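Quick one: the structure is below, and I'll ask about it shortly.
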Amino acid sequence: MIEIARTHRTSTASAALFFERWCAIETHPEWAPSMEYFRLLEPFDVGARGILKAVGGEESPFRITTVGPGFVYADTTELDGVELTVHHQAVEGLDGTEVELSAWLDGPREVQSATRMSAEVQHSLERDLAALAALLEG
């Protein structure tokens, strides 16, 4: 496993609001400019599968890999020879909600994929988190 991206933000929006939007899979493109669509093919739960398409990318299968405890959500996308997991966490703090997104690769092509994907995924996480925070804080 290789971590390829991580971003953090303190927000005035509640952790519950972040979690609610993360779990509303099909609404992700409303606040995630890097995503064209997410389609869940099964009822929402850990293990549920769907398809997604990043802007400029190819359609890929994904599955929900974590829901809770707390305000935590993760999904894993199946790519060529590697899986990309994006982990979302929001925790209420004294100065607002601490929100962290991280992404890692796992699989036989993780090293090659990390070299190719790290900068793009980092940029996407930063941009997507900023857009979601602006939506929820507005």
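The values are calculated or read from the model by the stated rules, or taken from the named source; none is laboratory data. In this text the structure is predicted, and so the values were computed from the model without any measurement. All Cβ positions, even for glycine, are placed from backbone atoms using ideal geometry, and neighbour counts span all protein chains on display. These area figures cover heavy atoms from the full protein model, side chains too; ligands, DNA and RNA do not enter into them. Shrake-Rupley method; radii C 1.70, N 1.55, O 1.52, S 1.80 Å.
Can you pull the one-decimal nm distance between simple spin-label points at ALA24 and GLU137, each 7 Å off the Cα toward Cβ?
1.9 nm
Here's another thing I want to ask about it. Once the piece of chain linking GLU58 and THR115 is laid out straight, how much longer is it, given 0.36 nm per residue of separation minus the C-alpha distance between them? Before the final figure, lay out the partial values.
On the way: separation 57, 0.36 × 57 = 20.52 nm, distance 1.89 nm.
My answer for the length gained is 18.6 nm.
Once neighbouring chains are kept in place and the probe is 1.4 Å, which whole percent of the accessible area of the stretch 4-138 is contributed by carbon and sulfur?
Summing carbon and sulfur atoms, their accessible area is 54 percent of the total for the stretch 4-138.
Under the rule a/c < 1.5 gives rounded, and otherwise a/b versus b/c splits prolate from oblate, where does the stretch 14-70 land using the Cα gyration tensor?
Here the stretch 14-70 falls in the oblate category.
Ok, one more. Would you be so kind as to identify which of VAL82, SER102, LEU125 lies farthest towards the positive end of the dipole of the chain, taking Lys and Arg as +1 and Asp and Glu as -1 on Cβ and the Cα centre as origin?
Going by the charge dipole, the pick is VAL82.
As a check on your grasp of the helix formula, calculate [θ] at 222 nm for the chain: sum -39500 (n - 2.57) over DSSP H runs of n ≥ 4, divide by the residue count, round to the nearest 500.
Numbers: 3 runs with 41 residues, N = 138.
Result for the chain, helices only: -9500 deg cm²/dmol.
For the stretch 58-100, report the accessible area per residue in Å² (1.4 Å probe, heavy atoms, rounded to an integer).
Averaged over the residues of the stretch 58-100, the accessible area is 47 Å².
Follow-up. Hey, of [x] 121; [y] 109; [z] 98, which did the structure itself give for volume of the Cα convex hull per residue in Å³ when calculated?
Computed from these coordinates, volume of the Cα convex hull per residue in Å³ corresponds to label [z].
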